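The values are calculated or read from the model by the stated rules, or taken from the named source; none is laboratory data. Keep in mind that what you see is a predicted model, and the values were worked out from it rather than measured. Methodologically, a virtual Cβ is constructed for each residue, glycine included, from the backbone with ideal geometry; neighbour enumeration extends over all protein chains shown. Just the protein is used for accessible areas: all its heavy atoms, side chains included, with ligands, DNA and RNA removed. Shrake-Rupley method; radii C 1.70, N 1.55, O 1.52, S 1.80 Å.
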Amino acid sequence: MGVCRKPGVSGNRDRRQLRDAPNDSAFYCCAVPDDDAARSDAATSPWSRGADVQFVHPPSLEFGHEETPRTGNQASPSRRGEWSSGVDTGAVDEPDRWRRRGAIAGALGIAVVVTALVAGPRFTEGPTGDATAIAARGFADGTPADASLLDRDLGGDVVLESGEALGSVAPNCAAERLPSSITPLWEAAVAGLSRGADPATVGDDAVVVIAELDDPDASTGRAAVVVALDATSGEERWRMPLQPATGSHEIIGIVDGAVVVRSIAGPDVAYRRLFAFDEATGEGLWDRGFRGEWSAAVNSEAGVVVVGVRRSSASDRVGSEVELVDPRTGRRRHVAAGEFITVDAAGLAVTRIGDDVLASSRDERTPIGVVSPSDSAYALAGDELVVASEESPARAVVERGDAQRTIPFEGTNRIDPPSFVLHLDTLGDSSVLAGGDRAVHGASVEEDAVQIRWRAMGAMLASTPTDRGRAVLLALRGGAEQRVVDGSTGQTIADLELSQGALSSLGFFANGVVVQKTVDGEPVRLALDLDGRELWSVPGSGPLAANAGLVVDVDMAAAADVPGSPDVIRAYSGTIGTAGCAG
């Protein structure tokens, strides 16, 4: 008896995808005779209707647990590289920066565990084969090839060429980006650097860090200060004390020449404060306190500080508010009720109040759409709201004010549409990312359909804005592998080595990514553009900061090995050429 084995078995025979004509049941086979004469001989061919052949059908999907839908859209974080992860972080989803590496590493670690042990589907090897070649040849017994075979979805990644890309956006010239090449510039020693996840922030003129220095007047004998080093020479420009001196602080960003610092822990939890200092001089510009649970981030594209506040008695989306703050004065530009989503291209604050999504400014408040049911996945696509319906196969409700249309998710002859959608994320003015059916899909929002254009197998862990829309971090094989793909084409930018320090070294920028690789047994940070091409590398592990043609590496190894030794900051210079940006 001949045996048609499932994909992956070794041997000298070609692997083919065929259709079992007598019972119309699809199978995958490795038992194709090498001899054309044998294939044409009905008496000996395993493909004849009377042949004694055992067919082994493709592997089926095994679920460890029913997947839990992720709700809502965590869209358009600030260009520092905020993650959109499907996790509710409070009234503001943007503010917690992806480069707060401790939090991200923990979150991604949890995501991997959850994917592997709870929600993630487990897969055996997917089907393979050349459907076109098989259909053209037909069956050996004269049965015509089934034309539908050409339209069959074979599974696996399907990517676009650059000319077909989705989600391209105008470059954010204020966003952090990687230079195409670098050369060493300066090195400086600074004692007592904060061991936070993001030890340095790069502005136009300065490299800014938080340090704890000896201070006999402080209750603990040490006091927190913010220190600015000249971006060109590495010499100290200024240092300013922080309050409370015994608390923990983080630099949330530099925007419009203002260094914005948040106290994240202190003796008075209810009144933690936000500070701003002039980047050039260190002059204190303003400081403010916010009562209740709050978070903050800079939005470089809009040129504002975004503060989201949730009152202690407030629910997730009712009773909270978002404040857009001028980075130079600390004054309110606008206050909007609800849970923060994004600041749109017109500078309007987009928020969700209950199930209503609205865009507002000082002078206007415009309804965009309604998220119904309230736990549905949703995303903005330009000035429209796309809400995934609960119907199967997957459909979307697209809304703008009172106008509404319900349209299907449609695939192509290479991709079947997802049967369900767990997560949506903004990709461009008329495109979205859709997660579901064990894959992430890039889709264009058309008048009569959400057209699936590419597919990357895996579960979406997070995404961050780029010049091409978004970059997406995927978990594969139950989290055992992770991959970064370009949201405009689905093409792989980098496969991650999940070694020690890999997640803390992972960095996303407007025009590329930094990943950790191992070279001759030693860790190296490797910079790649959005096409996955190598730009340059820096030895070591841990996060790199970059902006305005400067790359900064903070080396804490010496201080860790020899207590009392200063930390070392190394700067590299480079040039950045960005179409559409001056300089």
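What FRET efficiency comes out for the pair Ser392/Ala480, r = Cβ-Cβ distance, R0 = 25 Å, nearest 0.05?
0.30
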Accessible surface of Leu385 - all protein chains present, 1.4 Å probe, nearest 10 Å²: 0 Å²
Hz values of 3J(HN,Hα) by residue in the stretch 423-430 - Karplus curve (6.51, -1.76, 1.60), Gly and Pro given as x: 8, 10, 8, 5, 10, x, 5, 9
Hz values of 3J(HN,Hα) by residue in the stretch 536-547 - Karplus curve (6.51, -1.76, 1.60), Gly and Pro given as x: 6, 9, 10, x, x, 10, x, x, 10, 10, 8, 5
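What FRET efficiency would be calculated for the residue pair Asp355, Asp204, taking the C-beta separation as r and a Förster radius of 35 Å, to the nearest 0.05?
Working: r = 42 Å, r/R0 = 1.19.
After rounding, the FRET efficiency stands at 0.25.
Looking at the square roots a ≥ b ≥ c of the eigenvalues of the Cα gyration tensor of the stretch 382-477, which shape do they give, rounded for a/c under 1.5, prolate if a/b is larger than b/c, or oblate? Could you put the intermediate results ahead of the total?
Details: a/c = 1.77, a/b = 1.26, b/c = 1.41.
The shape class here is oblate.
For Glu187 and Glu161, compute 0.36 nm times the residue count separating them, minus their Cα-Cα distance, and round to one decimal in nm.
Numbers: separation 26, 0.36 × 26 = 9.36 nm, distance 4.20 nm.
Here the answer is 5.2 nm.
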